[in-house]
Amino acid sequence: MNQGLFESLTGVFFDNTPIDSIHVKNRRIKSIMDHLNRMFNTRKGSLPHLKDYGLPDISEIYRKMPHGIKELQEAIQRAVEKYEPRMENIQVTQKDSEDLKFKLVFIISGKMKNGGTVLFQTTFSSMGNSSITPWKKPE
């Protein structure tokens with residue numbers, strides 16, 4: 001199966017993109033991105049049955065700047081390693097974001113367990129929201 005169970009049951013990805021509109025070979029990557037987006041926008045402790053699911057309060061991270069960057073980077077790493085079983089060999093690195101004031105940008109890289117490498121860029125705004133996109137290394 002290339003997409004998650006929730007997507008298979010509903011017929012759409014988290015952003016309401018129909019499964020059939022995504023090429024079969026890209027569905028797993030889209031599904032992983034959707035899951036990471038949900039997880040990064042969930043605050044740790046907000047799910048009673050999974051108290052460590054999600055990330056710490058982003059506003060607290062911003063208050064601890066610059067030391068909060070390392071804390072967020074480590075939290076991302078732990079969350080992906082624990083809650084995204086389709087990925088392994090995960091690395092999270094901060095991307096310089098001089099042109100993006102009040103935003104933190106991280107590159108998440110890893111291998112999919114069925115083969116293939118994935119690279120995502122996730123951006124956190126000072127408002128606490130996260131977005132995730134595929135990332136290509138600059139040439």
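The values are calculated or read from the model by the stated rules, or taken from the named source; none is laboratory data. Just so you know, these numbers come straight off a predicted model, no measurement behind them. Cβ coordinates were reconstructed from backbone atoms using ideal geometry, including for glycine residues, and neighbour counts include every protein chain displayed.
List every residue pair whose Cβ atoms sit under 8 Å apart, with the two residues 6 or more apart in sequence or on different chains, where the first one lies in region 1-26 and is free of Cβ contacts under 8 Å to residues at least 12 places away in the same chain and exposed (fewer than 13 other Cβ atoms within 10 Å of the Cβ) and the second, anywhere, is of a type outside the set (V, I, T) and assigned to a helix (DSSP H, G or I).
Taking only residues 6 or more apart or on different chains, the pairs are M1/S8; G11/D20.
Note down all Cβ pairs under 6 Å where the first residue falls in region 36-64 and is over 17 Å from Q77 (Cα atoms), the second is among the small types (G, A, S) and surrounded by 15 or more Cβ atoms within 10 Å (Cβ to Cβ), and they're at least six residues apart or on different chains.
If the second residue must be among the small types (G, A, S) and surrounded by 15 or more Cβ atoms within 10 Å (Cβ to Cβ), the pairs left are S59/G128.
Taking S97 as meeting all but one of (1) modelled with pLDDT of 90 or more; (2) more than 22 Å from G4 (Cα to Cα); (3) out of contact with any Pro (no Cβ under 9 Å at 6 or more places or on another chain), write down the number of the exception.
(1)
Assess whether K51 counts as being in a loop (DSSP other than H, G, I, E, B), modelled with pLDDT of 90 or more and either surrounded by 16 or more Cβ atoms within 10 Å (Cβ to Cβ) or of a type in the set (K, R) (or both).
yes
When you go through K103, K44 one by one, which is the residue that is closer than 23 Å to D15 by Cα and either surrounded by 15 or more Cβ atoms within 10 Å (Cβ to Cβ) or of a type in the set (S, T, N, Q) (or both)?
K44
Restricting to region 118-130, name every residue that is in a strand (DSSP E or B) and more than 15 Å from V80 (Cα to Cα).
Once the filter is applied, which keeps residues that are in a strand (DSSP E or B) and more than 15 Å from V80 (Cα to Cα), region 118-130 yields T123, F124, S125.
Restricting attention to region 111-130, which residues are surrounded by 15 or more Cβ atoms within 10 Å (Cβ to Cβ) and of a type outside the set (A, V, I, L, M)?
If the condition is that a residue be surrounded by 15 or more Cβ atoms within 10 Å (Cβ to Cβ) and of a type outside the set (A, V, I, L, M), then F120, Q121, T122, T123, F124, G128, S130 are the ones that fit.
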